[in-house]
C-alpha cells in the first residue's frame, strides 16, 4: 500500500510539471513548487518533550521533521517551521513525550502468533493460575470455548510450577483423568520445557524405553523408568519443533494480531529468537506478501546449521526486505534458572528439576561441539548470539570466543542472551572480548525469590548486573523474552530501576539503574547489538522515522513506581501511524 501511495504522489508531481510547461513563467514556478511539495510526505512534531536518545546523557529538541520514512530535521521549532513551511502536516504533541520507538532485544515473535490459539496458564499477574485445579479448569474452559473435540490438541503457555500452591510440577496423571484422549501440552514459562499428558507422550513416542538425551531431562515416575510428563531442554527441543501447527494460511491471517501486540507496546522491531527453517520460510512468505508492518529480525537456530549455512535461500542480511531479515545465528547453551536447567558453577541449593542432588545443570552441547559451532559462525563472519543464563555456561562462551581469536577490536558484538547469573569476574572478559549482554531484569520480580532459594542471596543479587556492566563501558540491552514475560516496556524499565521481587525484596540494590539507562537498554542498546545503530534507536537526521509517543516523560517521574503508569499513545513506523490508543 505504501509503495502504491508513493507511486501516486510521484505521478501527481510529474503531471504538475508537464502542465506547467504550457503556462507563464510564474505559473511554471508555482507548478514546480507544487511538484516539490507533493514529492514528499512530511510531518513536523513539536510541543512536547522530544528525547533523542543520542548520547550518554538525555538530550531534548524542540522539533522533529520526518520526510517519507526518514528523519529530515532535528532541532528548534522555529527553524523547522521556517525551513519546511507549507510542505508538511504539523503535529502538536500537547505536552506528551516523543522518543525513538522501542526495539525488542530478544523474544520469540513466533510465540505471539501461536498464543492466539493457546490457553493462558500463567500465574498472577500474567494469568490467574494458583493451583493445579486452576490449570485443569483453564484447559477445560478453553476446550469448550474453542469447540475442540475430544481428540484435538490443547496447548497452554506460561505454566510455572513455582507459583502453584502444591509447589511441584504436574505429572501426566494430573491431566489424564480430564483429558484421556486429548493430547495436552503445558509449555513451561521459560520456554525450555513442558509437561505432556499420556496422549501427547504417545504421539511423540516417548516411553520407558526412551533414553534421556545429553543436555536434556525426562522426568520419571517414582520408582520406575516411566515418563512422568516433564521434558526439558534437548528432550523438549525436538518435541517443540514437531508440535502440530496451524495452517500457514491461518497463521498469515492472524499475523497482524501478533504484530499489534508489539505496536501497542511501542515496539517497531520484534525478534524471532530461535527460528528453525520452517519458521524462516513462513516469515519470508509473510514478507513477500507484504504482511509485515513492523521489522522482524530472526535468529536462525543452530541445530539445522548444515541445512542453512551457505544456502542462498537463507541469506544473512544487514538490510530488511519488506520488514524481514535473518540477523544472526543463535546457539542455546543452557536452560533457565527458574526451570533449574541453567548451567551453573555451583550446585543449586534446592536440587534439580527431577529431584537430582548436587545438581548444577548441564550445557546443551558438549564443549567440543559448542566450540566448533562458535568458531564456524565467527570464521564465516556470521553475527552470533548465544543463550546463556548461568555462569558456567557463560564461561563456555568466553572460552570459545577467546579460542577463536576474537577480541573487542574485531567488533563482532557476540551477544550473550540473558547473562542472568553472571559472575562479577566475567564482566572484564566481556570487555576484553567485545561480548555484549542482553539482560533480563524482569527476572528480579517474577523469579527473584525463587533465585534466592536456588542460588543464595549473594549470587541472586548479582543477576543482570546492568549498572556494573555499564560502568565498565559495555553496551547492554534489556529484554522481555516474550512470551516468558509480558512485552510491557515500562515494566521492563521498572524492573531495572527498582529490582523488586514478588515479596518486596530488592534483589540487588547496587545494580539499580536510572531511567535513562533503562531507556537506552530498549533503544540504542538493542540497535547496536544488531548492527542497526545507524538506522534506528535514536532521533537523528537520516535515521528511520520510527517513534513512540507517551502520555508522560519517564525521565521526569518522581517515584520509580510511576513508570508502571505510563501509557503508549501512538506508535509510528517509518512515518506511518501503526497504533493509536483509543
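The values are calculated or read from the model by the stated rules, or taken from the named source; none is laboratory data. Owing to the predicted nature of the structure, the values given are computational and were not obtained by experimental measurement. Counting neighbours? That spans all protein chains shown, and the Cβs are built from the backbone with ideal geometry, glycine included.
Residues in the stretch 155-163 include none that are in contact with a helix residue (DSSP H, G or I) (Cβ under 8 Å, 6 or more places away or on another chain), touching a residue at least 40 places away in the same chain (Cβ under 8 Å) and in a loop (DSSP other than H, G, I, E, B). Exactly one residue out of 169, 106 is touching a residue at least 40 places away in the same chain (Cβ under 8 Å), assigned to a loop (DSSP other than H, G, I, E, B) and within 30 Å of residue 252 (Cβ to Cβ): that is 106.
In the set (1) in the same structural domain as residue 207 (by TED's automatic domain parsing); (2) closer than 30 Å to residue 269 by Cβ; (3) surrounded by fewer than 20 Cβ atoms within 10 Å (Cβ to Cβ), the condition left unmet by residue 136 is number (2).
Would you point out which residue out of 290, 265 is outside the structural domain of residue 190 (by TED's automatic domain parsing) and either at pLDDT below 95 or in contact with a strand residue (DSSP E or B) (Cβ under 8 Å, 6 or more places away or on another chain) (or both)?
Working: 290 fails: either at pLDDT below 95 or in contact with a strand residue (DSSP E or B) (Cβ under 8 Å, 6 or more places away or on another chain) (or both).
Among 290, 265, only 265 is outside the structural domain of residue 190 (by TED's automatic domain parsing) and either at pLDDT below 95 or in contact with a strand residue (DSSP E or B) (Cβ under 8 Å, 6 or more places away or on another chain) (or both).
The condition of being surrounded by fewer than 18 Cβ atoms within 10 Å (Cβ to Cβ) and touching a strand residue (DSSP E or B) at 6+ places or on another chain (Cβ under 9 Å) holds for only one of 260, 232, that being 260. For the stretch 404-422, a residue qualifies if it is under 24 Å from the mean Cα position of the chain (by Cα) and surrounded by fewer than 21 Cβ atoms within 10 Å (Cβ to Cβ), and the qualifying residues are 411, 413. The set of residues from the stretch 541-572 being within 30 Å of residue 408 (Cβ to Cβ) and surrounded by fewer than 16 Cβ atoms within 10 Å (Cβ to Cβ) comprises 541, 542.
Could you tell me whether any residue of the stretch 286-301 is in contact with a helix residue (DSSP H, G or I) (Cβ under 7 Å, 6 or more places away or on another chain) and under 18 Å from residue 234 (Cα atoms)? Among the residues of the stretch 286-301, at least one is in contact with a helix residue (DSSP H, G or I) (Cβ under 7 Å, 6 or more places away or on another chain) and under 18 Å from residue 234 (Cα atoms), which makes the answer yes. In the condition set (1) over 30 Å from residue 88 (Cα atoms); (2) assigned by TED's automatic domain parsing to the domain that holds residue 469; (3) within 22 Å of the chain's Cα centre (by Cα), residue 507 is compliant with all but (3). State whether the residues of the stretch 487-508 include one that is crowded, with 24+ Cβ neighbours inside 10 Å, more than 22 Å from residue 435 (Cα to Cα) and modelled with pLDDT under 95. The answer is no; no qualifying residue exists. Looking at the stretch 457-484, which of its residues are over 10 Å from the mean Cα position of the chain (by Cα), part of a loop (DSSP other than H, G, I, E, B) and closer than 19 Å to residue 564 by Cβ? Once the filter is applied, which keeps residues that are over 10 Å from the mean Cα position of the chain (by Cα), part of a loop (DSSP other than H, G, I, E, B) and closer than 19 Å to residue 564 by Cβ, the stretch 457-484 yields only 464.
Does the stretch 80-102 contain any residue that is in contact with a strand residue (DSSP E or B) (Cβ under 7 Å, 6 or more places away or on another chain) and under 16 Å from residue 483 (Cα atoms)? Checked the stretch 80-102: no residue is in contact with a strand residue (DSSP E or B) (Cβ under 7 Å, 6 or more places away or on another chain) and under 16 Å from residue 483 (Cα atoms).
Going through (1) in contact with a helix residue (DSSP H, G or I) (Cβ under 6 Å, 6 or more places away or on another chain); (2) closer than 30 Å to residue 481 by Cα; (3) crowded, with 20+ Cβ neighbours inside 10 Å one by one, residue 65 falls short only on (2). Residues in the stretch 528-582 that are free of Cβ contacts under 8 Å to residues at least 24 places away in the same chain and in a strand (DSSP E or B) were compared, and the one that is nearest to residue 42 (Cα to Cα) is 577. On inspection, residue 519 qualifies as in contact (Cβ under 8 Å) with a residue 60 or more places away in the chain, outside any loop (DSSP other than H, G, I, E, B) and in contact with a strand residue (DSSP E or B) (Cβ under 8 Å, 6 or more places away or on another chain). Put simply, of 129, 64 the only residue that is outside the structural domain of residue 258 (by TED's automatic domain parsing), part of a strand (DSSP E or B) and at pLDDT 95 or above is 64.
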